[in-house]
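Down below is the structure, laid out as structure tokens.
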Amino acid sequence: MLQWLLEPLGFEFMRNALIVGILVGILCPVVGTYLIVQRMALLGDVMAHSVLPGLAIAFFLRVNILIGAFVSGIISAFLIAWIRSQTRIKVDAAMALTFTSFFALGVLLITLLRNKLDLDSFLFGDILGVTGDDVSRTAIISVTVLILIRLFYKELFFYTFDRLGAQAIGLPIDGIYLGLMAAVTLTIIASMQTVGVVLVVALLVGPPTTAYLLVKELYQMMGLGALLGVAASLIGMYASYYLNVPSGPCIVLISFGFFVLAVLFSPSQGLWTRPETVSLLAKIFRKLK
């Protein structure tokens with residue numbers, strides 16, 4: 001058993017991948033918790049695809065593509081907020097419109113600018129290709145975002161559960177919204193190398209959604225979500241190593257497996273732990289006897 005656990009650690013690419021997986025496994029659920037509670041889970045998908053135009057332009061200009069991705073993500077967040085405030089369009093329609101438009105613009109820019117951007121790596125990730133620099137960058141982003149969330153936890157908590165109340169007492173709700181969108185964008189940037197923008201939404205949404213079925217407090221949801229995210233990353237990485245299959249999909253499917261278990265066996269909300277289900281199963285067993 002010990003040999004089975006230690007064998008992958010003999011390779012530098014696996015050590016880097018596991019470190020990045022742990023960092024992303026913590027960061028994504030913590031940030032995603034706020035999206036789940038605010039019923040804006042789709043926003044993670046929107047932001048993940050909205051970074052593509054920035055990537056294309058930055059690649060063409062030969063600047064850091066992560067800067068381009070961040071700027072593009074923030075612009076998309078501003079656009080969604082502007083559409084909501086200036087029109088009768090609801091938030092889901094605004095997010096869907098922004099998502100499709102930015103993604104289409106990104107694909108068009110890649111073609112027009114003749115970029116050699118690896119779309120497969122962008123969409124589906126390449127965690128086994130991360131370098132020491134990638135690990136350092138992911139660690140810096142993760143630590144920065146987590147520290148800021150800890151410092152502004154009370155403001156984010158108030159904004160999340162009572163936006164009108166937060167505005168009434170003078171909290172800068174526009175600034176909080178922008179800060180949250182910046183955190184989501186940075187999280188996506190940190191995760192692109194790991195599971196890609198298509199699958200990063202699963203880590204933003206999956207672990208915190210599972211935790212939502214198991215605990216009641218926001219901080220508990222963030223903590224348990226982080227533990228589930230780390231577990232999904234580690235199990236998925238080891239599964240991909242020994243089964244010789246892509247890492248990103250493995251991580252996501254493990255995360256979904258945790259969700260299914262929570263749906264079935266959650267002490268308070270599980271399908272198989274509800275009083276009526278337990279009573280029905282008890283009657284069936286008595287008849288079988």
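Scanning the stretch 125-175 for residues that are at pLDDT 90 or above and assigned to a loop (DSSP other than H, G, I, E, B) yields one hit, Phe152.
All conditions but one from (1) over 20 Å from Gly196 (Cβ atoms); (2) β-branched (Val, Ile, Thr); (3) outside any helix (DSSP H, G or I) apply to Val245; the one that does not is (1). What do you reckon, is Thr210 buried (at least 20 other Cβ atoms within 10 Å of the Cβ) and at pLDDT below 90? Answer is no for this residue. Pairing each residue of the stretch 144-156 that is farther than 12 Å from Val31 by Cβ with any residue that is outside any helix (DSSP H, G or I) and among the aliphatic types (A, V, I, L, M), provided the two are 6+ apart or on different chains, yields C-beta distances under 8 Å for Glu155/Leu171.
Of all residues in the stretch 214-232, exactly one satisfies the criterion of being part of a helix (DSSP H, G or I) and either of a type in the set (Val, Ile, Thr) or at positive phi (or both), namely Val230.
Listed by position, the helices (runs of 4 or more DSSP H) enclosed by the stretch 24-90 that each have at least 3 residues that are within 18 Å of the chain's Cα centre (by Cα) and in contact (Cβ under 8 Å) with a residue 60 or more places away in the chain are 41-50, 65-86. Taking the stretch 172-187 as the range and being more than 13 Å from Val71 (Cβ to Cβ) and not hydrophobic (A, V, I, L, M, F, W, C) as the test, the residues that pass are Pro172, Asp174, Gly175, Tyr177, Gly179, Thr187. Is it the case that Ala17 is surrounded by 13 or more Cβ atoms within 10 Å (Cβ to Cβ), within 24 Å of Val184 (Cβ to Cβ) and modelled with pLDDT under 80? So Ala17 does not fit the description; no.
The values are calculated or read from the model by the stated rules, or taken from the named source; none is laboratory data. Here the structure is a predicted model, which is why all the values come from computation and not from measurement. So basically every Cβ, Gly included, is an ideal-geometry build from the backbone, and we count neighbours across all protein chains shown.
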